[in-house]
Amino acid sequence: MAIAPPGLARWARRLGAHRRDTPPLLKRTLKSAPFLPRRPLLARPLAVLAPLLLSGCTGTLPVPMGGLDRRLEAIGSSHAPALSDRWLALIGGRGGREQVVLVDLERQMPVPLPGLNRPDAQPLAVAVDASGERLAVVRQLEGRTELVLYRRSLMALEPVAMEPPGVPRRISLRADGRELAVEVSRGGVWQVDLIQLP
Amino acid sequence: MRQHRLHPPAPTPPNAEGRFTGSALLRSVVVTGALTAMLCSGCGSWSWGRRSAGPAGLGASNRQDPALSGDGRLLASVVERGGRDTLLLQEQPSGRELPLRHLRRFQPHRSPSLSWNGRYVAVLIQQGNRRLAVIEDRVNGNLLRFPLPGDQEVERLSLAPSGRRLALEVVHNGIYRVQVFDLANQLEPDLPAGMLSGGSATPKAAGR
């Protein structure tokens, strides 16, 4: 759906059909700008074309996927999305209790993640591979920020150590889940580590 | 790149009498100790091959917001250039910087995301007082913009490797929500090499 700033469409309309309502400042501008169309005959097409012309400058207004949007709304507050083609991982929850959620986009349903979420951990970032098998999660637990790798088929969670030591923040998984890019804070400097996973 | 591999120690040979000599015993203790230390260093966590993403260019100290392409060939990150957070797209492992047509301005950049072969680069840009999600198509040079209604602000994004969907983290009235948008009618799919979609996209041409 194309959109245009309402002010400009209004301006074009005024220029044509409602010349009597033209504000004084615009009237002065029109007098000093002979290149602008003055007749309603020319101005009306401009009023019609303005939104179309402007849509090329401003882009298109996206529309969220309807059914999925309602599903996500049911989760409550949600943030930190990570998309693979079939899977959407995010952090969501209500009342300040947040957990990692993995949504199957084909079925538009969350899938269970046994052993991943725990009530005393606060997830901060999540990444998922293309098959939905591996999830990398940065979480805060007992005052520490840690990076863990979760394998869904094994329902197993393994810590990934930062070497040299550092505080992980944002992460990205290669589609096959075999490489992980991690933003790490070391000595006040943000760096990116690339970690090969077996 | 530092590799951490465990090798089993060679068995310490006994001497001709079938007994360990002093030096053989010492060697055995050293090897066993080293092996124990290596095992303990990996206790409770995996210790895999890893490396730094390397230099981020002249004058850049911080590197944030990493995003790998689906095939792992490209790495996008945000570095400081001229005091402004700027998207950097690099080949891996060479570190060669790849040019971007539209994304040399509209800083600060945030939250980059790449498609499978890196044909599409999605990122948040700043245009005036609004933050905007955009996708640059590196094959045809187009820039696709995703303006949101005026009362919504986009905080982060994630592009599906195929380029078929885009997820936005949107804040509205202080509430954070993830919304997913279908791009099937707007972008050709960027698929792994050898996989052809029903459309006209040829993945081998993408991202080169």
HN-Hα J couplings of region B:149-158 from phi, Karplus 6.51/-1.76/1.60, θ = phi - 60°, integer Hz, Gly and Pro as x? x, x, 8, 10, 10, 8, 10, 8, 9, 8
Whole-Hz Karplus couplings 3J(HN,Hα) for region A:80-97, θ = phi - 60° and coefficients 6.51, -1.76, 1.60, Gly and Pro as x, run 6, x, 9, 9, 10, 5, 9, 10, 10, 9, 7, 10, x, x, 10, x, x, 9
Can you list residues whose amide H is under 5 Å from B:Leu157's amide H, if they're 5+ apart or on another chain and H is modeled 1.01 Å from N? B:Glu169
So who's got an amide H within less than 5 Å of the one on A:Leu197, skipping anything under 5 residues away but keeping other chains? H placed 1.01 Å off N, in plane. A:Glu179, A:Leu180
May I ask you to evaluate 6.51 cos²θ - 1.76 cosθ + 1.60, the Karplus curve with θ = phi - 60°, for each residue of region A:160-176 and list the ³J(HN,Hα) values in order in whole Hz, giving x for glycine and proline? 10, 6, 8, 10, x, x, x, 9, x, 9, 9, 9, 8, 9, 5, 4, 7
Environment charge at A:Arg97 (Cβ cut-off 15 Å; Lys +1, Arg +1, Asp -1, Glu -1): +1
Can you list residues from other chains, or at least 5 along the same chain, whose modelled amide H is less than 5 Å from the amide H of A:Trp87? A:Leu105
Please report, in debye to the nearest 20, how large the charge dipole of region A:66-196 is about its Cα centre when each Lys and Arg carries +1 at its beta carbon and each Asp and Glu carries -1 there. 240
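Read the figures in this text as sums done on the coordinates, not as results from a lab. What you are looking at is a predicted structure, and each value in this text was computed from that prediction instead of being measured. When we count neighbours, we look across all protein chains shown, and the Cβ atoms used for this are built from the backbone with ideal geometry, even at glycine.
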